[in-house]
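The values are calculated or read from the model by the stated rules, or taken from the named source; none is laboratory data. Keep in mind the model is a prediction, meaning the values are calculated, not measured. Here the Cβ positions follow ideal geometry from the backbone for every residue, glycine too, while neighbour counts run over all protein chains shown. With ligands, DNA and RNA removed, areas are computed over all heavy atoms of the protein, side chains included. Shrake-Rupley method; radii C 1.70, N 1.55, O 1.52, S 1.80 Å.
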Amino acid sequence: MGFEKKSENKCFGGRQLVLAHDSAETGTPMELAVYLPPQAETGKVPMLWYLSGLTCTWENVTAKAGAQRWCAEHGLAFVAPDTSPRGEGVPDDPDGAYDFGLAAGFYVDATEEPFAKNYRMYSYLTKELPGLLAGELPLDMERQGITGHSMGGHGALTIGMRHPDRFRSLSAFAPIVAPSQVPWGEKALGGYLGDDQATWAEHDATALVASRGWHGDILIDQGDADNFLVEQLRPEIFEAACKEAGVPLSLRMQPGYDHSYYFISSFIGDHVAWHAERLRG
Ligand SMILES: N[C@@H](CCC(=O)N[C@@H](CS)C(=O)NCC(=O)O)C(=O)O
């Protein structure tokens with residue numbers, strides 16, 4: 001099934017699209033934003049996936065990060081999916097908390113009830129959505145990079161490392177790097193995958209870099225004034241695991257920056273340029 005175009009706006013010479021479609025994986029309608037740079041008018045362009053954090057839809061990064069300017073300059077498409085299934089009948093956190101359920105899908109396929117039917121963000125992003133995009137838009141699927149913020153940084157690192165043939169470049173903003181060891185991750189992986197922590201390892205960037213490594217280098221930007229740094233993000237755990245695995249990590253601690261899109265908009269240009277360099281040719 002194809003996309004319904006919800007909106008199209010000219011932006012830095014390219015086109016900012018918002019698309020909707022029915023997902024077979026989540027069993028719900030899904031929305032996403034795709035920026036096509038001017039270069040996409042004349043041929044296929046490489047693409048950068050951006051996975052968003054808790055409480056977000058495609059809209060936060062699309063409206064706040066300013067990625068379009070840099071993507072136009074480098075000729076990169078920018079794909080921003082939603083963070084969970086939504087709609088009638090989709091179960092949420094029983095207490096309505098922001099860190100589980102709606103807008104908090106954690107990029108896994110849930111095995112626990114009542115979430116297993118709809119919360120299939122991993123398969124949605126690794127199987128269904130790439131196929132749909134490839135069929136409908138001028139995207140060069142041989143040249144894909146992935147990044148994300150916070151929960152989306154966790155998604156980018158884990159999906160990237162599990163699909164090294166698909167992704168050539170990998171970066172993140174303030175990612176959750178060790179979900180098995182921090183409260184956000186323990187709640188989400190426990191709630192979606194159950195108590196057997198053996199099943200969590202394939203969704204834990206620190207465990208994955210140890211078990212699978214990564215074929216390239218990784219860029220992470222992290223604000224040192226981020227409220228979530230000490231309890232939830234803990235980049236030093238991933239830094240140690242990368243060192244042990246021999247994976248080159250550039251972890252840039254950015255003084256005075258917090259967790260917000262003011263931080264992301266300050267460094268998104270660096271990330272787009274970094275991916276563009278690795279997706280060239
Ligand atoms: N709502 C949470 C914070 C959630 C949060 O910071 N979400 C980040 C991603 S983890 C975000 O990008 N929020 C949306 C925005 O800033 O536009 C709180 O108040 O503690």
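Tabulated data for the structure shown
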item	result
Filtered residues of the stretch 197-233 (kept if under 19 Å from Ser180 (Cα atoms) and among the aromatic types (Phe, Trp, Tyr))	Trp200, Phe228
Test set (1) under 17 Å from Ile264 (Cβ atoms); (2) open to solvent by 10 Å² or more (accessible area, probe 1.4 Å) - Lys127 fails condition number	(1)
Matching residues, the stretch 72-99, being among the hydrophobic types (A, V, I, L, M, F, W, C) and open to solvent by 10 Å² or more (accessible area, probe 1.4 Å)	Ala72, Phe78, Val90, Ala97
Subset of the stretch 69-108 that is among the β-branched types (Val, Ile, Thr) and in a loop (DSSP other than H, G, I, E, B) - its residue that is nearest to the ligand (Cβ to nearest atom)	Thr83
Checking Glu59 against (1) of a type outside the set (Ser, Thr, Tyr); (2) surrounded by 23 or more Cβ atoms within 10 Å (Cβ to Cβ); (3) part of a helix (DSSP H, G or I); (4) within 16 Å of the ligand (Cβ to nearest atom), the condition it does not meet	(2)
In the stretch 221-239, the residues that are polar (S, T, N, Q) and open to solvent by less than 10 Å² (accessible area, probe 1.4 Å)	Gln222
Given (1) aromatic (Phe, Trp, Tyr); (2) more than 16 Å from the ligand (Cβ to nearest atom); (3) touching a Gly at 6+ places or on another chain (Cβ under 9 Å), number of the condition Phe3 does not satisfy	(3)
In the stretch 44-56, residue surrounded by the fewest Cβ atoms within 10 Å (Cβ to Cβ) [restricted to those that are under 11 Å from the mean Cα position of the chain (by Cα) and away from the ligand (no atom under 16 Å from the Cβ)]	Trp49
Odd one out for Asp217 among (1) open to solvent by 20 Å² or more (accessible area, probe 1.4 Å); (2) within 18 Å of the chain's Cα centre (by Cα); (3) farther than 20 Å from Ser52 by Cα; (4) in contact (Cβ under 8 Å) with a residue 60 or more places away in the chain	(4)
Members of the stretch 222-281 that are aliphatic (A, V, I, L, M), part of a helix (DSSP H, G or I), over 30 Å from Pro37 (Cα atoms) and within 16 Å of the ligand (Cβ to nearest atom)	Leu229, Val230, Leu233
Leading residue by the ranking (farthest from the chain's Cα centre (by Cα)) among those in the stretch 118-148 that are of a type in the set (Phe, Trp, Tyr) and in a helix (DSSP H, G or I)	Tyr124
Tally, over the stretch 168-206, of residues that are in contact (Cβ under 8 Å) with a residue 12 or more places away in the chain, out of contact with any Gly (no Cβ under 8 Å at 6 or more places or on another chain) and not in a helix (DSSP H, G or I)	2
